[in-house]
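Please read the structure below before turning to the comments.
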Amino acid sequence: MSRVRGEQAVSRRKGGSHVSARPFVIATFAMTFDGKITTRHFTPVDFTSREDKAHLIRQRSLGDAVLIGHTTLERDNVRLGIPQADLRQARIKRGQAAYPLRVIISNEGKIDSRLNIFQTDFSPIVIFSTMRMPQKIQEALRGKAILHLTKSRQVDLAAMLRTLRKDHKVRTLACEGGPTLFRALLERGLVDQINLTIAPYLFGGGEAPTLTGLTKQFLPASVKCRLTNMRVAGDECFLTYQIAHRRR
């Protein structure tokens, strides 16, 4: 079964050398036949089935933490919880907290403290941003989240992952986008696994983002992936790929 094999893959890599310095990063996306992850209006994903939405929650439940970019968080206004009691029980049996740590990344830090995620306290929230975050927002968020602010203009993603591993004991990180964050992680060799749902739709157009966003620029180097699992449910195909990291 796909979920079990995914858990085994994560388990095997927890003892690997590179995960001692940073978490094992799993990105989960759904896309159309023509590679679009949303419409040109960046509307929340609603073109996939209930099975795909359940699949996303299952993948989220495997992580010690779940990561999301500020733009995606603001657009979807999600809480990043685990609604299913059986998945929470499975986490506890694996030695995890009932809910994953929730991690938000934002370079400018203009985060609305009224978003749904801040109205729930089932797990801690950690925000990685910069000193560009306005002082009023810092004050509004300090009672709701742990803030890691850097003096740089942008968050250092590799440093962020090292902090999650060292300070927050995160060994497996579930990334839920968006495409700008995913591309930035991918460019730096910081993604280890991709879960991809192919939905039976065609959007077309050049203004709807793909997995790597709207930019026409190529990645700095091609990324080789290895298919490790495939499952078909209804008209959707669920794929799992491992990233073949280049030796440095």
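Solvent-accessible area per residue for the chain at a 1.4 Å probe radius, Å²?
It amounts to 52 Å² per residue over the chain.
Cβ under 12 Å from Tyr99's Cβ, Tyr99 left aside: what net charge do those residues give with Lys, Arg +1 and Asp, Glu -1?
+3
List the chymotrypsin sites (Phe, Trp or Tyr not before Pro) in segment 138-230 that DSSP assigns to loop (not H, G, I, E or B) and whose Cβ has at most 10 other Cβ atoms within 10 Å. Which are they?
Passing sites in segment 138-230 are Phe218.
What accessible area, in Å² to the nearest ten, does a 1.4 Å probe give for Leu239?
Approximately 20 Å² of Leu239 is accessible to the 1.4 Å probe.
As a test question: what accessible area, to the nearest 10 Å², does Ser152 have when a 1.4 Å probe is rolled over all protein chains in place?
Ignoring ligands and nucleic acids, Ser152 comes out at about 60 Å².
For Lys151, put the label point 7 Å out on the Cα→Cβ axis and report which residues of segment 122-140 keep their amide N under 12 Å from it.
131
So for segment 21-80, what are the equivalent ellipsoid semi-axes in whole Å, largest first, each being the square root of 5 times an eigenvalue of the Cα gyration tensor?
They are 21, 15, 12 Å, listed largest first.
Which percent of the accessible heavy-atom area of the chain goes to carbon and sulfur, probe 1.4 angstrom?
Percent of accessible area from carbon and sulfur atoms in the chain: 51.
Would you mind getting me the FRET efficiency between Gln217 and Arg114? Use the beta-carbon distance for r and R0 = 30 Å, nearest 0.05. Spell out each step's value before the answer.
Numbers: r = 35 Å, r/R0 = 1.17.
Given R0 = 30 Å and the Cβ-Cβ separation, E is 0.30.
If ligands, DNA and RNA are left out, what is the accessible area of Arg88 with a 1.4 Å probe, given in Å² to the nearest 10?
60 Å²
Where a ≥ b ≥ c are the square roots of the eigenvalues of the C-alpha gyration tensor, would you call the chain rounded, which needs a/c under 1.5, or, failing that, prolate if a/b is larger than b/c, or oblate?
Numbers: a/c = 1.30, a/b = 1.17, b/c = 1.11.
It comes out rounded by the Cα gyration axes.
The values are calculated or read from the model by the stated rules, or taken from the named source; none is laboratory data. Please read these numbers as outputs of a predicted model, since none were measured by experiment. Here Cβ is always computed from backbone atoms with ideal geometry, including for glycine, and neighbour counts include all displayed protein chains. Calculation scope for accessible area: heavy atoms of the full protein, side chains included, ligands and nucleic acids excluded. Shrake-Rupley method; radii C 1.70, N 1.55, O 1.52, S 1.80 Å.
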